[in-house]
Amino acid sequence: MARFKERVRKLTSRTRGISLVGMVHDLAEYLREWIGYFGRCETPEVLDKLEKWLRRRLRSMVWKQWKRGTTRYRELRKRGIAAQDAAKTAGSSDGPWHLANTPALKIALSNTYFASLGLPELTAHG
């Protein structure tokens, strides 16, 4: 599990200089290989936990990319978040990791959104 997280951290580093789509493409390639080897495990809870951690990391990364409060607000509104919730989230002083676990970001950057970018599910194979 530690090696998996270490590799994902390298693939999702902010300093890689690639778009979210490119990052998800590289990540999906690694995940497919990883699923091929570890996908059929006796403890699906472990896969579920890793999958949640991975999506939270991606949400955190996207939040950092949006940088400014106005951009964050605009992006949340564009993705269907109510004005009050978008303003509260965009203006929050909490860090990206904490905010990646908020309802606003979970709705705006949903599992379906990441699946549409090509991110495979770990638990679908277990």
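Return the residues of region 20-58 that are among the basic types (K, R) and over 12 Å from the mean Cα position of the chain (by Cα); say none if nothing qualifies. Can you show your working first?
We begin by selecting, within region 20-58, every residue among the basic types (K, R); these are 32, 40, 49, 52, 55-57.
Matches in region 20-58: R32, R40, K49.
Residues that are hydrophobic (A, V, I, L, M, F, W, C) and in contact (Cβ under 8 Å) with a residue 12 or more places away in the chain: does region 65-76 have at least one? Write out each step before concluding.
Filtering region 65-76 for residues hydrophobic (A, V, I, L, M, F, W, C) gives 66, 76.
After this cut, where a residue has to be in contact (Cβ under 8 Å) with a residue 12 or more places away in the chain as well, the list is 76.
The answer is yes; a qualifying residue exists.
Report every pair of residues separated by at least 6 positions or lying on different chains whose Cβ atoms are under 6 Å apart, first residue within region 94-105 and at negative phi, second of a type in the set (D, E).
Correct list of pairs: A104/D85.
For region 76-98, give me the residue count where each residue is in a helix (DSSP H, G or I) and surrounded by fewer than 19 Cβ atoms within 10 Å (Cβ to Cβ).
So the count comes out to 10.
Looking at region 19-33, I want the residues that are free of Cβ contacts under 8 Å to residues at least 60 places away in the same chain and have a partner that is exposed (fewer than 15 other Cβ atoms within 10 Å of the Cβ) and part of a helix (DSSP H, G or I) with Cβ atoms under 8 Å, at least 6 apart or on another chain. Which pairs are those?
Listed by first residue and then by second, the contacts come to M23/R16; Y30/R7.
Given the criteria at pLDDT below 90, under 19 Å from Y113 (Cβ atoms) and touching a Phe, Trp or Tyr at 6+ places or on another chain (Cβ under 8 Å), does L11 qualify? Walk me through it before giving the result.
Working: at pLDDT below 90: yes; under 19 Å from Y113 (Cβ atoms): yes; touching a Phe, Trp or Tyr at 6+ places or on another chain (Cβ under 8 Å): yes.
Yes.
Only residues that are among the β-branched types (V, I, T) and under 15 Å from the mean Cα position of the chain (by Cα): list them for region 59-78, please.
Applying the first criterion (among the β-branched types (V, I, T)) to region 59-78 yields 62, 70-71.
Across region 59-78, the qualifying residue is only V62.
Within the set of pairs 6+ apart or on separate chains, which have a first residue in region 38-53 that is at pLDDT 75 or above, a second that is assigned to a helix (DSSP H, G or I) and among the aromatic types (F, W, Y), and C-beta atoms under 7 Å apart?
Every condition considered, the pairs that remain are L50/F4.
The values are calculated or read from the model by the stated rules, or taken from the named source; none is laboratory data. Owing to the predicted nature of the structure, the values given are computational and were not obtained by experimental measurement. Using ideal geometry, Cβ is built from the backbone for each residue, glycine included, and neighbour counts are taken over all protein chains shown.
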